[in-house]
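The values are calculated or read from the model by the stated rules, or taken from the named source; none is laboratory data. Quick caveat, the model's predicted, so the values are computed rather than measured. Heads up, the Cβs are rebuilt from the backbone with ideal geometry, glycines too, and the neighbour counts pull from every protein chain shown.
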Amino acid sequence: MAPTSDADAAVAALYRSHRLPLVRLARLLVDDLETAEDVVQDAFAALHRRWGSISASDAAIGYLRTSVVNGSRSVLRRRRTVRANPWPEAGGWRDDDADAPLLLAEEHREVLAALRRLPGRQREVIVLRYWAELTEAEIATTLGISVGAVKSTASRGRDAIAALLGGNR
Amino acid sequence: MTDPHLERRLGEAFDAAARSSVTDAASPPPPRFASAPTQPRRGHSRWLAPLAAAAVVAVVGGSVLALHGSGGTRHRTVPPAAEAAVHIQLAIAGNHSYGVGMPVVAYFSRQFTSAKSLSAATSVTVNGAPKHGAWYFERSTKPGYPVEGHLRLHDLWPANSTVRIEVAAQRKSAGDGVAFGNDIALTFRTGPKVVAVVEDRKHEMVVTRDGKPDGVYRVALGAASTPTTSGIKVIMKKSPSVCMRDVAGTYRECGINDAQQLTYSGEYLHAAPWNVVNIKLGHDTSNGCTNLLPTDAATLYKTLTVGDVVEYPDAPGPPMQMSAGYGDWNVPWRIWRQGGLIPS
(Lines give C-alpha, C1' and ligand atoms only; values in the text may rest on other atoms or scores of the structure.)
Protein backbone atom coordinates (compact mmCIF):
# COMPACT_ATOMS: atom_id res chain seq x y z
CA MET A 1 0.00 0.00 0.00
CA ALA A 2 1.41 3.37 -0.95
CA PRO A 3 1.94 5.70 1.99
CA THR A 4 -0.53 8.55 2.03
CA SER A 5 -0.12 12.08 3.30
CA ASP A 6 -1.95 10.74 6.34
CA ALA A 7 0.97 8.37 6.90
CA ASP A 8 3.48 11.19 6.33
CA ALA A 9 1.97 13.38 9.02
CA ALA A 10 1.41 10.56 11.48
CA VAL A 11 4.89 9.07 11.10
CA ALA A 12 6.46 12.53 11.25
CA ALA A 13 4.67 13.16 14.55
CA LEU A 14 5.88 9.83 15.92
CA TYR A 15 9.36 10.65 14.70
CA ARG A 16 9.38 13.90 16.63
CA SER A 17 8.13 12.33 19.84
CA HIS A 18 9.76 8.89 19.77
CA ARG A 19 13.02 9.16 17.87
CA LEU A 20 15.13 10.09 20.87
CA PRO A 21 13.97 7.36 23.26
CA LEU A 22 14.31 4.81 20.46
CA VAL A 23 17.86 5.96 19.65
CA ARG A 24 18.70 5.64 23.32
CA LEU A 25 17.24 2.15 23.37
CA ALA A 26 19.21 1.17 20.26
CA ARG A 27 22.35 2.73 21.71
CA LEU A 28 22.17 0.26 24.59
CA LEU A 29 21.64 -2.67 22.22
CA VAL A 30 24.35 -1.88 19.66
CA ASP A 31 27.49 -0.21 20.83
CA ASP A 32 27.75 2.98 18.85
CA LEU A 33 25.55 5.93 18.20
CA GLU A 34 25.92 5.92 14.45
CA THR A 35 24.56 2.39 14.19
CA ALA A 36 21.82 3.19 16.68
CA GLU A 37 20.72 6.11 14.52
CA ASP A 38 20.73 3.88 11.46
CA VAL A 39 18.63 1.23 13.13
CA VAL A 40 16.05 3.77 14.25
CA GLN A 41 15.91 5.42 10.83
CA ASP A 42 15.29 2.00 9.29
CA ALA A 43 12.51 1.33 11.79
CA PHE A 44 10.73 4.57 10.90
CA ALA A 45 11.19 3.89 7.18
CA ALA A 46 9.63 0.44 7.63
CA LEU A 47 6.76 1.89 9.65
CA HIS A 48 6.16 4.49 6.95
CA ARG A 49 6.01 1.81 4.27
CA ARG A 50 3.54 -0.25 6.30
CA TRP A 51 1.43 2.56 7.68
CA GLY A 52 -1.74 1.27 6.01
CA SER A 53 -1.74 -1.85 8.15
CA ILE A 54 -0.57 -0.28 11.42
CA SER A 55 -2.96 2.47 12.32
CA ALA A 56 -3.35 2.92 16.07
CA SER A 57 -0.42 4.88 17.39
CA ASP A 58 0.13 2.35 20.17
CA ALA A 59 0.48 -0.41 17.62
CA ALA A 60 2.90 1.83 15.75
CA ILE A 61 5.07 2.38 18.82
CA GLY A 62 5.15 -1.35 19.50
CA TYR A 63 6.08 -1.91 15.88
CA LEU A 64 8.90 0.63 16.08
CA ARG A 65 10.26 -0.91 19.27
CA THR A 66 10.24 -4.40 17.78
CA SER A 67 11.90 -3.08 14.61
CA VAL A 68 14.64 -1.42 16.65
CA VAL A 69 15.35 -4.57 18.65
CA ASN A 70 15.35 -6.76 15.55
CA GLY A 71 17.44 -4.24 13.61
CA SER A 72 19.96 -4.06 16.44
CA ARG A 73 20.14 -7.83 16.57
CA SER A 74 20.88 -8.17 12.88
CA VAL A 75 23.56 -5.50 13.10
CA LEU A 76 25.24 -7.43 15.88
CA ARG A 77 24.91 -10.67 13.93
CA ARG A 78 26.48 -9.06 10.87
CA ARG A 79 29.25 -7.68 13.02
CA ARG A 80 29.86 -11.06 14.57
CA THR A 81 30.57 -12.57 11.18
CA VAL A 82 33.00 -9.78 10.41
CA ARG A 83 34.88 -9.81 13.67
CA ALA A 84 36.38 -12.84 15.28
CA ASN A 85 35.57 -11.49 18.70
CA PRO A 86 32.04 -10.21 18.87
CA TRP A 87 32.12 -9.10 22.46
CA PRO A 88 35.08 -6.83 23.11
CA GLU A 89 37.03 -7.55 26.25
CA ALA A 90 35.63 -6.14 29.41
CA GLY A 91 36.92 -2.82 30.56
CA GLY A 92 34.26 -0.40 29.55
CA TRP A 93 33.33 1.17 26.31
CA ARG A 94 35.73 0.82 23.43
CA ASP A 95 38.37 3.50 23.22
CA ASP A 96 37.70 3.89 19.54
CA ASP A 97 34.05 4.47 20.20
CA ALA A 98 33.79 8.11 19.24
CA ASP A 99 30.74 8.70 21.34
CA ALA A 100 31.85 6.85 24.43
CA PRO A 101 30.29 8.53 27.41
CA LEU A 102 33.39 10.10 28.87
CA LEU A 103 31.68 11.49 31.88
CA LEU A 104 30.19 8.21 32.94
CA ALA A 105 30.79 7.20 36.53
CA GLU A 106 32.98 4.17 37.04
CA GLU A 107 30.20 2.21 38.71
CA HIS A 108 28.03 2.73 35.64
CA ARG A 109 30.85 1.76 33.29
CA GLU A 110 31.17 -1.56 35.07
CA VAL A 111 27.49 -2.30 34.61
CA LEU A 112 27.62 -1.39 30.92
CA ALA A 113 30.72 -3.50 30.39
CA ALA A 114 28.90 -6.43 31.98
CA LEU A 115 25.88 -5.79 29.79
CA ARG A 116 28.02 -6.00 26.66
CA ARG A 117 29.21 -9.45 27.61
CA LEU A 118 25.71 -10.92 27.82
CA PRO A 119 24.37 -13.08 25.00
CA GLY A 120 22.11 -11.06 22.69
CA ARG A 121 18.74 -12.16 23.99
CA GLN A 122 19.66 -11.60 27.64
CA ARG A 123 20.98 -8.17 26.79
CA GLU A 124 17.73 -7.29 25.01
CA VAL A 125 15.55 -8.45 27.87
CA ILE A 126 17.65 -6.66 30.49
CA VAL A 127 17.65 -3.40 28.53
CA LEU A 128 13.91 -3.56 27.82
CA ARG A 129 13.17 -4.37 31.44
CA TYR A 130 15.46 -1.96 33.27
CA TRP A 131 15.88 0.84 30.83
CA ALA A 132 12.69 0.90 28.77
CA GLU A 133 10.83 -0.31 31.90
CA LEU A 134 8.52 -2.52 29.89
CA THR A 135 6.44 -5.13 31.66
CA GLU A 136 7.25 -8.78 31.11
CA ALA A 137 4.19 -9.06 28.90
CA GLU A 138 5.32 -6.11 26.78
CA ILE A 139 8.80 -7.56 26.44
CA ALA A 140 7.28 -10.87 25.38
CA THR A 141 5.30 -9.10 22.67
CA THR A 142 8.27 -7.03 21.55
CA LEU A 143 10.57 -10.04 21.22
CA GLY A 144 7.94 -12.53 20.11
CA ILE A 145 8.70 -14.92 22.96
CA SER A 146 6.62 -16.19 25.88
CA VAL A 147 6.34 -14.40 29.22
CA GLY A 148 7.94 -17.46 30.78
CA ALA A 149 10.93 -17.11 28.47
CA VAL A 150 11.18 -13.42 29.37
CA LYS A 151 11.25 -14.26 33.06
CA SER A 152 13.89 -16.96 32.74
CA THR A 153 16.04 -14.91 30.36
CA ALA A 154 15.88 -11.88 32.66
CA SER A 155 16.81 -14.06 35.59
CA ARG A 156 19.83 -15.52 33.77
CA GLY A 157 20.85 -12.05 32.62
CA ARG A 158 20.69 -10.61 36.13
CA ASP A 159 22.67 -13.53 37.51
CA ALA A 160 25.31 -13.12 34.81
CA ILE A 161 25.66 -9.39 35.46
CA ALA A 162 25.80 -9.93 39.21
CA ALA A 163 28.55 -12.52 38.68
CA LEU A 164 30.51 -10.20 36.36
CA LEU A 165 30.23 -7.29 38.78
CA GLY A 166 31.16 -9.41 41.74
CA GLY A 167 33.97 -11.37 40.11
CA ASN A 168 37.65 -10.58 39.93
CA ARG A 169 38.30 -8.04 37.31
CA MET B 1 14.69 -14.15 42.89
CA THR B 2 15.58 -10.56 42.21
CA ASP B 3 17.98 -8.22 43.89
CA PRO B 4 16.54 -4.71 44.24
CA HIS B 5 19.99 -3.21 44.57
CA LEU B 6 21.13 -4.78 41.29
CA GLU B 7 17.92 -3.71 39.57
CA ARG B 8 18.37 -0.12 40.69
CA ARG B 9 21.98 -0.16 39.63
CA LEU B 10 21.04 -1.44 36.16
CA GLY B 11 18.41 1.24 35.76
CA GLU B 12 20.74 4.03 36.84
CA ALA B 13 23.60 2.88 34.64
CA PHE B 14 21.40 2.57 31.56
CA ASP B 15 19.88 5.93 32.18
CA ALA B 16 23.28 7.55 32.60
CA ALA B 17 24.62 5.87 29.45
CA ALA B 18 21.61 6.74 27.36
CA ARG B 19 21.57 10.36 28.45
CA SER B 20 25.28 10.98 28.28
CA SER B 21 25.75 9.56 24.82
CA VAL B 22 22.53 10.61 23.16
CA THR B 23 21.66 14.14 24.07
CA ASP B 24 18.36 15.74 23.45
CA ALA B 25 19.66 17.61 20.43
CA ALA B 26 17.98 20.83 19.54
CA SER B 27 17.86 19.67 15.95
CA PRO B 28 17.04 16.04 15.36
CA PRO B 29 18.33 14.62 12.09
CA PRO B 30 15.84 14.72 9.25
CA PRO B 31 13.89 11.49 9.00
CA ARG B 32 15.27 9.21 6.34
CA PHE B 33 11.88 7.75 5.57
CA ALA B 34 11.14 11.10 3.99
CA SER B 35 13.39 10.19 1.09
CA ALA B 36 12.05 6.68 0.64
CA PRO B 37 11.50 5.76 -3.00
CA THR B 38 7.77 6.22 -2.59
CA GLN B 39 8.36 9.93 -2.04
CA PRO B 40 8.20 11.74 -5.36
CA ARG B 41 10.98 14.28 -4.80
CA ARG B 42 13.77 13.64 -2.37
CA GLY B 43 13.89 16.24 0.34
CA HIS B 44 11.10 18.29 -1.08
CA SER B 45 8.11 16.52 0.35
CA ARG B 46 5.60 18.96 1.64
CA TRP B 47 5.45 17.46 5.12
CA LEU B 48 9.19 17.20 5.54
CA ALA B 49 9.77 20.90 5.14
CA PRO B 50 9.36 22.04 8.75
CA LEU B 51 11.63 19.31 10.05
CA ALA B 52 14.29 19.85 7.42
CA ALA B 53 14.23 23.57 7.94
CA ALA B 54 14.86 23.16 11.63
CA ALA B 55 17.64 20.65 11.26
CA VAL B 56 21.26 21.72 11.23
CA VAL B 57 23.01 18.48 10.65
CA ALA B 58 26.51 17.59 9.66
CA VAL B 59 26.35 14.65 7.30
CA VAL B 60 29.71 12.98 6.90
CA GLY B 61 30.02 9.87 4.81
CA GLY B 62 26.34 9.31 5.11
CA SER B 63 26.28 9.24 8.88
CA VAL B 64 24.54 11.72 11.05
CA LEU B 65 26.76 13.37 13.65
CA ALA B 66 24.51 16.01 15.02
CA LEU B 67 23.57 14.42 18.26
CA HIS B 68 26.30 15.34 20.66
CA GLY B 69 27.36 18.55 22.19
CA SER B 70 24.12 20.40 22.26
CA GLY B 71 25.77 22.39 25.03
CA GLY B 72 23.50 21.12 27.71
CA THR B 73 20.52 23.00 26.42
CA ARG B 74 17.56 20.69 26.42
CA HIS B 75 15.03 21.26 23.76
CA ARG B 76 11.56 19.96 24.25
CA THR B 77 10.02 18.46 21.16
CA VAL B 78 6.61 18.34 22.85
CA PRO B 79 5.02 21.73 23.50
CA PRO B 80 4.86 22.50 27.22
CA ALA B 81 1.09 22.76 27.00
CA ALA B 82 0.94 19.00 26.39
CA GLU B 83 2.20 18.36 29.91
CA ALA B 84 -0.91 19.86 31.45
CA ALA B 85 -3.07 17.77 29.15
CA VAL B 86 -4.66 14.39 29.64
CA HIS B 87 -3.11 12.10 27.06
CA ILE B 88 -5.41 9.34 25.86
CA GLN B 89 -3.90 6.01 24.84
CA LEU B 90 -5.99 3.30 23.21
CA ALA B 91 -5.38 -0.13 24.67
CA ILE B 92 -6.81 -2.22 21.88
CA ALA B 93 -5.43 -2.52 18.37
CA GLY B 94 -7.44 -1.38 15.39
CA ASN B 95 -8.15 -3.25 12.17
CA HIS B 96 -8.66 -6.49 14.06
CA SER B 97 -11.70 -8.68 14.38
CA TYR B 98 -13.04 -9.12 17.91
CA GLY B 99 -15.91 -10.91 19.56
CA VAL B 100 -19.09 -8.94 20.25
CA GLY B 101 -18.25 -8.47 23.95
CA MET B 102 -14.98 -6.61 23.38
CA PRO B 103 -14.78 -3.34 25.35
CA VAL B 104 -12.97 -0.37 23.85
CA VAL B 105 -10.32 0.38 26.48
CA ALA B 106 -8.30 3.59 26.76
CA TYR B 107 -5.85 4.87 29.35
CA PHE B 108 -5.65 8.48 30.52
CA SER B 109 -2.35 9.99 31.60
CA ARG B 110 -3.64 11.95 34.58
CA GLN B 111 -6.59 12.23 36.88
CA PHE B 112 -9.37 14.46 35.63
CA THR B 113 -12.73 15.45 36.99
CA SER B 114 -15.17 15.65 34.11
CA ALA B 115 -15.73 13.43 31.09
CA LYS B 116 -18.68 15.39 29.77
CA SER B 117 -16.81 16.92 26.87
CA LEU B 118 -15.11 13.60 26.15
CA SER B 119 -18.53 11.97 25.88
CA ALA B 120 -19.78 14.77 23.65
CA ALA B 121 -16.71 14.39 21.44
CA THR B 122 -17.17 10.63 21.09
CA SER B 123 -18.87 9.23 18.02
CA VAL B 124 -19.60 5.55 17.50
CA THR B 125 -20.87 4.13 14.23
CA VAL B 126 -21.67 0.54 13.33
CA ASN B 127 -21.63 -0.08 9.58
CA GLY B 128 -21.83 3.70 9.21
CA ALA B 129 -24.95 4.12 11.37
CA PRO B 130 -24.54 6.24 14.53
CA LYS B 131 -24.92 4.42 17.87
CA HIS B 132 -25.04 5.70 21.42
CA GLY B 133 -21.96 4.66 23.36
CA ALA B 134 -20.95 5.66 26.88
CA TRP B 135 -17.70 5.80 28.84
CA TYR B 136 -17.15 4.25 32.26
CA PHE B 137 -14.01 5.00 34.26
CA GLU B 138 -12.00 3.19 36.88
CA ARG B 139 -8.59 3.48 38.44
CA SER B 140 -5.90 1.94 36.27
CA THR B 141 -2.91 -0.14 37.26
CA LYS B 142 -0.90 0.95 34.21
CA PRO B 143 2.14 3.02 35.26
CA GLY B 144 1.79 6.65 34.21
CA TYR B 145 -1.87 6.24 33.35
CA PRO B 146 -3.95 6.53 36.53
CA VAL B 147 -7.34 6.31 34.82
CA GLU B 148 -8.78 3.60 32.60
CA GLY B 149 -11.92 4.21 30.54
CA HIS B 150 -14.12 1.68 28.77
CA LEU B 151 -16.50 2.57 25.97
CA ARG B 152 -19.44 0.35 25.08
CA LEU B 153 -23.01 0.39 23.81
CA HIS B 154 -26.09 -0.59 25.80
CA ASP B 155 -25.87 -4.08 24.30
CA LEU B 156 -23.09 -6.21 22.87
CA TRP B 157 -21.65 -4.94 19.57
CA PRO B 158 -23.72 -6.04 16.58
CA ALA B 159 -22.20 -9.20 15.05
CA ASN B 160 -20.32 -9.28 11.74
CA SER B 161 -20.07 -5.48 11.56
CA THR B 162 -17.56 -2.68 11.23
CA VAL B 163 -17.29 -0.42 14.26
CA ARG B 164 -15.74 3.03 13.99
CA ILE B 165 -14.90 5.06 17.10
CA GLU B 166 -13.81 8.68 16.85
CA VAL B 167 -13.04 10.81 19.87
CA ALA B 168 -12.25 14.40 18.88
CA ALA B 169 -11.21 15.36 22.39
CA GLN B 170 -8.07 17.39 21.79
CA ARG B 171 -8.15 20.69 23.71
CA LYS B 172 -11.62 19.89 25.09
CA SER B 173 -12.08 20.43 28.80
CA ALA B 174 -11.45 17.59 31.23
CA GLY B 175 -12.62 19.79 34.13
CA ASP B 176 -10.67 22.02 36.53
CA GLY B 177 -8.52 23.75 33.93
CA VAL B 178 -7.25 20.50 32.45
CA ALA B 179 -7.81 19.55 28.82
CA PHE B 180 -7.47 16.40 26.77
CA GLY B 181 -4.26 16.30 24.79
CA ASN B 182 -5.19 14.27 21.75
CA ASP B 183 -7.86 12.69 19.60
CA ILE B 184 -8.23 8.96 19.20
CA ALA B 185 -9.79 6.88 16.46
CA LEU B 186 -10.27 3.17 16.06
CA THR B 187 -11.84 0.87 13.52
CA PHE B 188 -12.43 -2.79 14.18
CA ARG B 189 -14.65 -5.57 12.95
CA THR B 190 -16.86 -7.85 14.98
CA GLY B 191 -17.11 -11.56 14.30
CA PRO B 192 -20.18 -13.74 14.77
CA LYS B 193 -22.03 -13.46 18.07
CA VAL B 194 -20.36 -16.22 20.07
CA VAL B 195 -21.61 -16.81 23.60
CA ALA B 196 -20.41 -19.63 25.83
CA VAL B 197 -22.51 -20.40 28.89
CA VAL B 198 -20.77 -22.44 31.58
CA GLU B 199 -23.29 -24.18 33.81
CA ASP B 200 -21.68 -25.36 36.98
CA ARG B 201 -24.72 -27.40 37.96
CA LYS B 202 -24.40 -29.49 34.77
CA HIS B 203 -20.59 -29.17 34.48
CA GLU B 204 -21.12 -28.14 30.88
CA MET B 205 -20.13 -25.30 28.63
CA VAL B 206 -22.70 -24.66 25.89
CA VAL B 207 -21.53 -22.54 22.96
CA THR B 208 -23.79 -20.76 20.49
CA ARG B 209 -22.67 -18.97 17.35
CA ASP B 210 -25.06 -16.40 15.87
CA GLY B 211 -27.80 -18.13 17.85
CA LYS B 212 -27.06 -21.64 16.55
CA PRO B 213 -25.66 -24.46 18.72
CA ASP B 214 -21.89 -24.72 18.36
CA GLY B 215 -20.93 -27.46 20.78
CA VAL B 216 -21.27 -28.68 24.34
CA TYR B 217 -18.12 -29.31 26.38
CA ARG B 218 -17.47 -30.97 29.74
CA VAL B 219 -15.84 -28.71 32.34
CA ALA B 220 -14.51 -28.73 35.88
CA LEU B 221 -14.52 -25.39 37.70
CA GLY B 222 -12.89 -24.11 40.89
CA ALA B 223 -12.81 -26.17 44.05
CA ALA B 224 -14.81 -25.02 47.09
CA SER B 225 -11.73 -23.27 48.52
CA THR B 226 -11.00 -21.46 45.21
CA PRO B 227 -14.41 -21.02 43.59
CA THR B 228 -14.85 -19.69 40.05
CA THR B 229 -16.33 -16.16 40.02
CA SER B 230 -19.84 -15.76 38.67
CA GLY B 231 -21.18 -13.41 36.03
CA ILE B 232 -20.24 -12.36 32.52
CA LYS B 233 -16.63 -12.57 31.37
CA VAL B 234 -14.95 -11.86 28.05
CA ILE B 235 -11.95 -13.58 26.50
CA MET B 236 -9.09 -11.11 27.01
CA LYS B 237 -6.15 -12.95 25.55
CA LYS B 238 -5.22 -16.28 24.00
CA SER B 239 -1.94 -18.07 24.70
CA PRO B 240 -0.89 -21.39 23.22
CA SER B 241 0.93 -22.11 26.48
CA VAL B 242 1.11 -20.31 29.82
CA CYS B 243 2.57 -20.66 33.30
CA MET B 244 0.25 -20.37 36.28
CA ARG B 245 0.68 -20.01 39.97
CA ASP B 246 -1.76 -19.92 42.84
CA VAL B 247 -2.49 -16.81 44.85
CA ALA B 248 -0.32 -17.92 47.74
CA GLY B 249 2.58 -18.62 45.38
CA THR B 250 2.95 -22.15 46.72
CA TYR B 251 2.81 -23.78 43.34
CA ARG B 252 3.84 -22.76 39.87
CA GLU B 253 3.32 -24.73 36.75
CA CYS B 254 4.14 -24.12 33.09
CA GLY B 255 3.12 -25.74 29.84
CA ILE B 256 -0.61 -25.22 30.37
CA ASN B 257 -1.95 -25.32 26.85
CA ASP B 258 -4.69 -23.70 24.80
CA ALA B 259 -5.25 -21.05 27.46
CA GLN B 260 -7.80 -18.27 27.00
CA GLN B 261 -7.70 -15.64 29.73
CA LEU B 262 -10.86 -14.37 31.40
CA THR B 263 -9.65 -12.39 34.43
CA TYR B 264 -6.52 -10.49 35.42
CA SER B 265 -6.34 -12.68 38.51
CA GLY B 266 -5.80 -15.65 36.23
CA GLU B 267 -9.03 -17.46 35.47
CA TYR B 268 -8.61 -19.18 32.12
CA LEU B 269 -10.30 -21.67 29.86
CA HIS B 270 -7.55 -24.23 29.35
CA ALA B 271 -6.61 -27.82 28.66
CA ALA B 272 -6.23 -29.89 31.83
CA PRO B 273 -4.83 -33.26 30.79
CA TRP B 274 -4.06 -34.07 34.43
CA ASN B 275 -7.70 -33.58 35.39
CA VAL B 276 -9.49 -35.66 32.76
CA VAL B 277 -11.18 -37.91 35.29
CA ASN B 278 -12.57 -35.03 37.35
CA ILE B 279 -13.77 -33.25 34.23
CA LYS B 280 -15.62 -36.37 33.12
CA LEU B 281 -17.07 -36.94 36.60
CA GLY B 282 -17.99 -33.26 37.05
CA HIS B 283 -15.85 -32.66 40.14
CA ASP B 284 -14.89 -29.03 40.64
CA THR B 285 -11.23 -29.19 41.61
CA SER B 286 -9.39 -26.28 39.97
CA ASN B 287 -7.93 -23.05 41.33
CA GLY B 288 -10.79 -21.19 39.67
CA CYS B 289 -10.00 -21.94 36.04
CA THR B 290 -12.37 -23.71 33.70
CA ASN B 291 -10.66 -27.04 33.06
CA LEU B 292 -11.34 -28.63 29.69
CA LEU B 293 -10.49 -31.96 28.10
CA PRO B 294 -7.42 -31.42 25.92
CA THR B 295 -9.19 -32.05 22.61
CA ASP B 296 -12.04 -29.70 23.62
CA ALA B 297 -9.59 -27.02 24.72
CA ALA B 298 -7.84 -27.29 21.35
CA THR B 299 -11.15 -26.97 19.51
CA LEU B 300 -12.24 -23.96 21.58
CA TYR B 301 -8.83 -22.33 21.15
CA LYS B 302 -9.46 -22.42 17.41
CA THR B 303 -13.12 -21.39 17.47
CA LEU B 304 -13.24 -18.69 20.16
CA THR B 305 -11.86 -15.18 19.70
CA VAL B 306 -10.71 -12.36 21.95
CA GLY B 307 -13.89 -10.46 22.80
CA ASP B 308 -16.18 -13.51 22.83
CA VAL B 309 -18.49 -13.75 25.84
CA VAL B 310 -18.25 -16.49 28.48
CA GLU B 311 -21.05 -16.48 31.07
CA TYR B 312 -21.01 -18.21 34.47
CA PRO B 313 -24.62 -17.87 35.65
CA ASP B 314 -24.38 -20.30 38.57
CA ALA B 315 -20.70 -20.42 39.52
CA PRO B 316 -20.37 -20.41 43.31
CA GLY B 317 -17.68 -17.73 43.61
CA PRO B 318 -18.12 -13.98 44.22
CA PRO B 319 -19.58 -11.89 41.39
CA MET B 320 -17.26 -10.87 38.57
CA GLN B 321 -16.14 -7.25 39.04
CA MET B 322 -15.71 -4.70 36.26
CA SER B 323 -12.02 -4.30 37.05
CA ALA B 324 -11.30 -8.03 37.38
CA GLY B 325 -11.01 -8.31 33.60
CA TYR B 326 -13.35 -7.23 30.85
CA GLY B 327 -16.14 -7.25 33.42
CA ASP B 328 -18.02 -4.54 31.55
CA TRP B 329 -21.22 -6.50 30.93
CA ASN B 330 -21.86 -6.98 34.65
CA VAL B 331 -22.46 -3.25 35.11
CA PRO B 332 -26.10 -2.24 34.52
CA TRP B 333 -26.47 0.40 31.79
CA ARG B 334 -28.05 3.00 34.09
CA ILE B 335 -24.96 2.79 36.33
CA TRP B 336 -22.60 2.62 33.37
CA ARG B 337 -23.98 5.84 31.89
CA GLN B 338 -23.06 7.77 35.03
CA GLY B 339 -19.39 7.15 34.26
CA GLY B 340 -18.12 5.44 37.41
CA LEU B 341 -15.00 7.15 38.79
CA ILE B 342 -15.48 10.24 36.62
CA PRO B 343 -18.94 11.66 35.88
CA SER B 344 -19.72 11.59 32.17
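Structure data summary
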{"item": "Segment A:22-36, residues that are more than 8 Å from chain B (Cβ to nearest Cβ) and without any contact (Cβ under 8 Å) to a residue 60 or more places away in the chain", "result": "A:L22, A:A26, A:V30, A:T35"}
{"item": "Enumeration of residues in segment B:273-301 that are at pLDDT below 90 and of a type outside the set (V, I, T)", "result": "B:P273, B:W274, B:N275, B:N278, B:K280, B:L281, B:G282, B:H283, B:D284, B:S286, B:N287, B:G288"}
{"item": "Only listed residue being without any contact (Cβ under 8 Å) to a residue 60 or more places away in the chain, of a type outside the set (D, E, K, R), not in a strand (DSSP E or B) and not assigned by TED's automatic domain parsing to the domain that holds B:F112, chosen from B:V277, B:V242, B:V306", "result": "B:V277"}
{"item": "Residue in segment B:280-303 that is surrounded by the fewest Cβ atoms within 10 Å (Cβ to Cβ), counting only those that are of a type in the set (S, T, N, Q) and in a strand (DSSP E or B)", "result": "B:S286"}
{"item": "Test: residue in segment B:213-220 that is over 18 Å from the mean Cα position of the chain (by Cα) and outside any strand (DSSP E or B)", "result": "no"}
{"item": "Which listed residue, of B:V124, B:V100, is part of a loop (DSSP other than H, G, I, E, B) and among the β-branched types (V, I, T)", "result": "B:V100"}
{"item": "Leading residue by the ranking (farthest from B:L10 (Cα to Cα)) among those in segment A:130-150 that are at pLDDT 90 or above and at the interface with chain B (Cβ under 8 Å from one of its Cβ atoms)", "result": "A:S146"}
{"item": "B:G211, sole failed condition from (1) surrounded by 16 or more Cβ atoms within 10 Å (Cβ to Cβ); (2) away from chain A (no Cβ under 14 Å)", "result": "(1)"}
{"item": "Given (1) of a type in the set (V, I, T); (2) modelled with pLDDT of 90 or more; (3) crowded, with 21+ Cβ neighbours inside 10 Å, index of the condition B:V216 fails", "result": "(3)"}
{"item": "Residue in segment A:62-82 that is facing chain B (nearest Cβ under 9 Å), modelled with pLDDT of 70 or more and within 18 Å of the chain's Cα centre (by Cα) present", "result": "yes"}
